[in-house]
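Asker: Below: one structure in structure tokens.
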Amino acid sequence: MKFKPNQTRTYDREGFKKRAACLCFRSEQEDEVLLVSSSRYPDQWIVPGGGMEPEEEPGGAAVREVYEEAGVKGKLGRLLGIFEQNQDRKHRTYVYVLTVTEILEDWEDSVNIGRKREWFKVEDAIKVLQCHKPVHAEYLEKLKLGCSPSNGNSTNILEPYFPQCKLPLKHFQF
């Protein structure tokens, strides 16, 4: 565990920062996804998510992060996968699907840091995210394919449980 102002960072036994995120959809058709502006780079869009608190379950962390960052509540759905990022940072992110049922007019990050949110068609969101957050774009690409990740940016540690995927698997050296 590391402490940072306003937040406690938690790590798993392998040294990965524990994170959780949600792909927030306007409806169960999963054709429009909600993105939020980055706190570091306000002109860039990201998938809402963040670090898990000590003793927090991944689903609860994902719902909390979406509420704080995007100002929405909803029905937590399936776990899309657990994505690892190993290049510049060691993150292990649990990514869930959430169907939005309530949109707050003002929310924590809109008031405190001026964060914005916007609905995107899935195809447009992928294009927007590929420029500066390729791992976030990968969440949506894999959602569309109904598979787990398999490119060099990250890997889904649940890959063995997705036999329907016909994509080549790549392995990482730690």
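Asker: Please find, within the stretch 71-80, the residue that is surrounded by the most Cβ atoms within 10 Å (Cβ to Cβ) out of those that are within 24 Å of residue 134 (Cα to Cα) and among the small types (Gly, Ala, Ser).
Answerer: 71
Asker: Same structure, new question: Just to verify a result, which residue in the stretch 81-131, among those that are among the polar types (S, T, N, Q) and assigned to a helix (DSSP H, G or I), is most open to solvent (accessible area, probe 1.4 Å)?
Answerer: Filtering first and then ranking leaves 112.
Asker: Here's a follow-up. Report yes if some residue within the stretch 86-109 is at pLDDT below 95 and of a type in the set (S, T, N, Q); otherwise report no.
Answerer: Scanning the stretch 86-109 turns up at least one residue that is at pLDDT below 95 and of a type in the set (S, T, N, Q).
Conditions (1) out of contact with any strand residue (DSSP E or B) (no Cβ under 7 Å at 6 or more places or on another chain); (2) more than 24 Å from residue 130 (Cα to Cα); (3) modelled with pLDDT of 95 or more, marked per residue:
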position: 22; (1), (2), (3): no, no, yes
position: 48; (1), (2), (3): no, no, yes
position: 57; (1), (2), (3): yes, yes, yes
position: 69; (1), (2), (3): no, no, yes
position: 84; (1), (2), (3): no, no, no
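Asker: Could you tell me which of the residues 42, 48, 58, 54 is closer than 17 Å to residue 115 by Cβ and open to solvent by 10 Å² or more (accessible area, probe 1.4 Å)?
Answerer: 42
The values are calculated or read from the model by the stated rules, or taken from the named source; none is laboratory data. Fair warning: this is a prediction, and the values are worked out from it, not measured in the lab. Glycine also receives a Cβ, built like all others from the backbone with ideal geometry; neighbour counts cover every protein chain displayed. The protein model used for the area step is the full one, side chains on, heavy atoms only, and it has no ligands, DNA or RNA in it. Shrake-Rupley method; radii C 1.70, N 1.55, O 1.52, S 1.80 Å.
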